[in-house]
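*Asks:* My questions will all concern the structure given below.
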Amino acid sequence: MNPLSGFCQYTMQPLTSSDKGKISQNPPPKGNSRSARKEAGDSRTLPSEDQQNVESFLSDTLRFPPEGLLQPGMKLNQSFTPKPPRKPRIERTSSLDELIWRRRRLLRMSQESLVDAAEVGSSSRSLQGSPPGWLKLVSCGNHNHDQESLHSLCQASEMPHIGQGKSTLSDSCERMSLCNKPELPKLTPTHPPPSLELDTSFPVLRTANRIHPDCADYRPCSHSLCARTGSSWSDTKLHSQGMVCDNCSTSSMKSTFSLLMPLRVRDVRSRSYLEGSLLASGALLGAEELNRYFPDRSIGIFVATWNMQGQKDLPELLDDLLLPSDPDYAQDMYVVGIQEGCPDRREWEIRLQETLGPHYVMLYAAAHGVLYMSVFLRRDLIWFCSEVEYATVTTRIVSQIKTKGALGVCFTFFGTSFLFVTSHFTSGDGKVYERVLDYNKTIQALALPRNIPDTNPYRSSPSDVTTRFDDVFWFGDFNFRLNEDREVVEQILSQGLETDISKLLQRDQLLKEMDNGSIFKGFQEAPIHFRPSYKFDVGQDTYDTTSKQRTPSYTDRVIFRCRNKGDIRAVKYSSCLGMKTSDHRPVYGLFRVKVRPGRDNIPLAAGQFDRELYLIGIRRRITRELQKKRALKDQKGSTVCSVS
């Protein structure tokens, strides 16, 4: 039984005639109240500080009760002895973390009490753990309450045992002030909520921060609840102090600023990564990684071919070739094939790296005589390529002469295998049969792949290398001509922008042989809407003015083949008329190619690229920019001097 409840019942009942006699016969003992309780046989003991608080409250209440409690016949003790004020108790200074935690705890308790109406009127939670000094606050309130209201207040308050509370008096005042806040009425909407609009965000933004369902427990911690989680406190102390929310773990926290997929410890321990799966979580070449980089599962590939005619002089800038102004964005992969290349092959590769800039690295480069091929890839994608293999074929009767032939480079990107072939067929207007023989020899003698597994061996043929890969790009100087007189061709080309190229293509030898099925079986070519790329006078825009008077022809071509229909889509097919150092004009094509997820059982290139070439190209690019700025500054300075 609560010791204060009996006191409340005793003070609320009026005195009867028999009680008056007992009080007059047995007056209360004088002196210390502690000795009085010992004489009365009270076995309950209280701590010294709590006893003083209770005694002062009892004496004040018995001697000076409120006016509403005065009843006829009640006796009051008129003797009053003032006591000196007690010295304030020195408390330990709270740290900043404890003050923040205590303030948030009080705010959370006040919010919970406002939600439940029953808790607003109850003092069991808001006053739990408070010292007995709260009784003085109650006594300082309104003294006009009647006997029934005071009695109900004493019964409704479930006070803990004296001595349990360790909070200070200021904490109790704050809790009582929070509990006495009026409850706000609930707001009822007058109109139904508006309908949700369609999602207009971009697909790249929706997939950039996507978290896999297996990693859904990596939810970011609320900053309002996790205060100073980055301090030197241990995890156990953080949990005990309430500084870590329930839905997050300090042992497996993930940075909310990183877009990388989190790795589970058990996955890293259990997986060998020797044989992956298409849908396995954490596969390097799997669907998750592919969707993170390419949500639409397609990449942009730039393929170009150019017959340099063995010229030593190279164009100062290759921007018009590699970075045409029509597309708004650069491509993910650049493949350039050269026939009759310049003597300094390294210089040509440096020019390519300088033009593409630091966002691209040269994955591989191969050569067969004067046939060159360079493969550049975005530096973020070099980890998803297999080892690169290459093979060569010579179509000359004497194999030591490597001016005519083919060069093939193959690799796997994610789960799609690629084959790039650049070739230089036999020249001559009437040597169509010899060119068909060059093609047949190339597809039979090109020994690829060797170590890279075939993605679909059931559709491969040992007699045709192009059937062993998902996507094949064949480009080069095929030397197929137009079976038409030069005068007729020049008359058609003289029409300007309204030139009907279809009239010329009806005489094209390559398209005729492809329709007959004698060459490039299964290949296709994008529609041609540019002028013939052969043969020009070096440095001029006019066709051959020598004594031979060669007919303009489409000798430089880019064609493609894919296993799955629709995997390759031509975006642009054109020629670069601005590069005039050769009698051929470069021809290029932009393609969108679908990529499928793969397995981790292929030999990876491990991010290898030509680092030395990369550094040289970047230095040259920086030097070129500095020279431009210096020249512009000098020009401005000279202009100012001339005006003055």
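*Asks:* Which log10 I(q)/I(0) values, to two decimals, does region 521-580 give at q = 0.14, 0.16, 0.17 Å⁻¹ under the Debye formula with one point per Cα?
*Replies:* -0.53, -0.63, -0.68
*Asks:* Relative contact order for region 484-588: what is it in percent, counting Cα pairs under 8 Å that are at least 6 residues apart?
*Replies:* Worked out over region 484-588, it gives 28 percent.
*Asks:* What figure in square angstrom, to the nearest 10, would you give for the accessible area of residue 619 with a 1.4 Å probe?
*Replies:* 140 Å²
*Asks:* Which residue, 499, 465, 527, has the largest displacement toward the positive end of the dipole of region 404-539 when charges sit on each Cβ (Lys, Arg +1; Asp, Glu -1)?
*Replies:* Projecting each Cα onto the dipole axis, the largest value belongs to 465.
*Asks:* How large is the accessible surface of residue 604 in square angstrom, using a 1.4 angstrom probe and rounding to the nearest 10?
*Replies:* Rounded to the nearest 10, the figure is 70 Å².
*Asks:* Taking a ≥ b ≥ c as the square roots of the Cα gyration tensor eigenvalues, with a/c under 1.5 meaning rounded and otherwise prolate when a/b beats b/c, else oblate, which class fits region 312-367?
*Replies:* Note, shape of region 312-367 comes out prolate.
*Asks:* Here's another thing I want to ask about it. With r defined as the distance between the Cβ atoms of residue 515 and residue 437 and R0 fixed at 22 Å, what FRET efficiency is calculated, to the nearest 0.05?
*Replies:* The calculated FRET efficiency here is 0.70.
*Asks:* Oh, and also: How much accessible surface does residue 385 have with a 1.4 Å probe, in Å² rounded to 10?
*Replies:* Using a 1.4 Å probe on the heavy atoms, I get roughly 0 Å².
*Asks:* Find the centroid of the Cα atoms in region 321-381 and in region 405-434, then give the distance between the two in whole Å.
*Replies:* Region 321-381 and region 405-434 have Cα centres separated by 17 Å.
*Asks:* Also, quick follow-up: Highest mean first, what order results for 468-474, 392-398, 354-360 on Cβ atoms within 10 Å?
*Replies:* 468-474, 354-360, 392-398
*Asks:* Also, quick follow-up: For 105, 346, give the ranking by accessible area with the largest first, probe 1.4 Å.
*Replies:* Putting 105, 346 in descending order of accessible area: 105, 346.
*Asks:* Only loop residues by DSSP count here, and only those with at most 12 other Cβ atoms within 10 Å; note down the chymotrypsin sites (Phe, Trp or Tyr not before Pro) in region 277-350 that meet that.
*Replies:* Counting only loop positions with at most 12 other Cβ atoms within 10 Å, the chymotrypsin sites (Phe, Trp or Tyr not before Pro) in region 277-350 are 329.
*Asks:* Length gain on complete extension for the stretch residue 538 to residue 635, per 0.36 nm per residue less the alpha carbon to alpha carbon distance?
*Replies:* 31.7 nm
*Asks:* Continuing with the same structure: Give me the accessible area per residue for region 319-392, probe 1.4 Å, as a whole number in Å².
*Replies:* Averaged over the residues of region 319-392, the accessible area is 36 Å².
*Asks:* Which one, 394, 382, 360, is farthest towards the positive end of the dipole of region 301-460 when Lys and Arg carry +1 and Asp and Glu -1 on their Cβ?
*Replies:* Most positive-ward Cα: 394.
*Asks:* Mind giving me the nanometre distance, one decimal, between the label points for residue 268 and residue 625, set 7 Å out from Cα along Cα→Cβ?
*Replies:* About 3.6 nm, to one decimal.
*Asks:* If DNA, RNA and ligands are ignored and the probe is 1.4 Å, what is the ranking of 459, 102, 266 by accessible area, most exposed first?
*Replies:* 266, 459, 102
*Asks:* Also, quick follow-up: Could you tell me which of the pairs 441/548; 431/512; 512/572; 503/535 are separated by over 21 angstrom between their Cα atoms in the structure shown?
*Replies:* Where the Cα-Cα span goes over 21 Å, the pairs concerned are 441/548; 512/572.
*Asks:* Compute the accessible area per residue over region 463-531, keeping the other protein chains in place, probe 1.4 Å, unit Å².
*Replies:* Accessible area per residue: 48 Å².
*Asks:* Sticking with this one: Counting alpha carbon pairs within less than 8 Å and at least 6 residues apart, what relative contact order, in whole percent, applies to region 476-523?
*Replies:* 40 percent.
*Asks:* Right, here's the next one. State the extension gain, in nm to one decimal, for the chain segment bounded by residue 328 and residue 309, taking 0.36 nm per residue of separation less the distance between their alpha-carbons.
*Replies:* Full extension from residue 328 to residue 309 adds 3.7 nm.
*Asks:* If you don't mind, there's one more thing I want to ask. Give me the net charge for the shell around residue 431: Cβ to Cβ below 12 angstrom, other residues only, Lys and Arg +1, Asp and Glu -1.
*Replies:* Surrounding charge for residue 431 is 0.
*Asks:* Taking a ≥ b ≥ c as the square roots of the eigenvalues of the Cα gyration tensor of region 418-498, is the shape rounded (a/c under 1.5), prolate (a/b larger than b/c) or oblate?
*Replies:* prolate
*Asks:* Same structure again: R0 = 25 Å: FRET efficiency of residue 444 with residue 403, Cβ-based, nearest 0.05?
*Replies:* 0.75
*Asks:* Relative contact order for region 281-376: what is it in percent, counting Cα pairs under 8 Å that are at least 6 residues apart?
*Replies:* Result for region 281-376 is 28 percent.
*Asks:* Take 289, 387 and sort them by solvent-accessible surface of the protein heavy atoms, 1.4 Å probe, largest at the top.
*Replies:* Reading off the accessible areas and sorting them downward yields 387, 289.
*Asks:* If you take the square roots of the eigenvalues of the alpha-carbon gyration tensor of region 501-644 and sort them as a ≥ b ≥ c, do you get rounded (a/c under 1.5), prolate (a/b over b/c) or oblate?
*Replies:* Oblate.
The values are calculated or read from the model by the stated rules, or taken from the named source; none is laboratory data. As the structure is a computational prediction, the values presented were derived from the model and not from experiment. All Cβ positions, glycine included, derive from the backbone under ideal geometry; neighbour counts span all protein chains shown. Side chains are part of the model used for accessible areas, which takes the heavy atoms of the whole protein and leaves out ligands, DNA and RNA. Shrake-Rupley method; radii C 1.70, N 1.55, O 1.52, S 1.80 Å.
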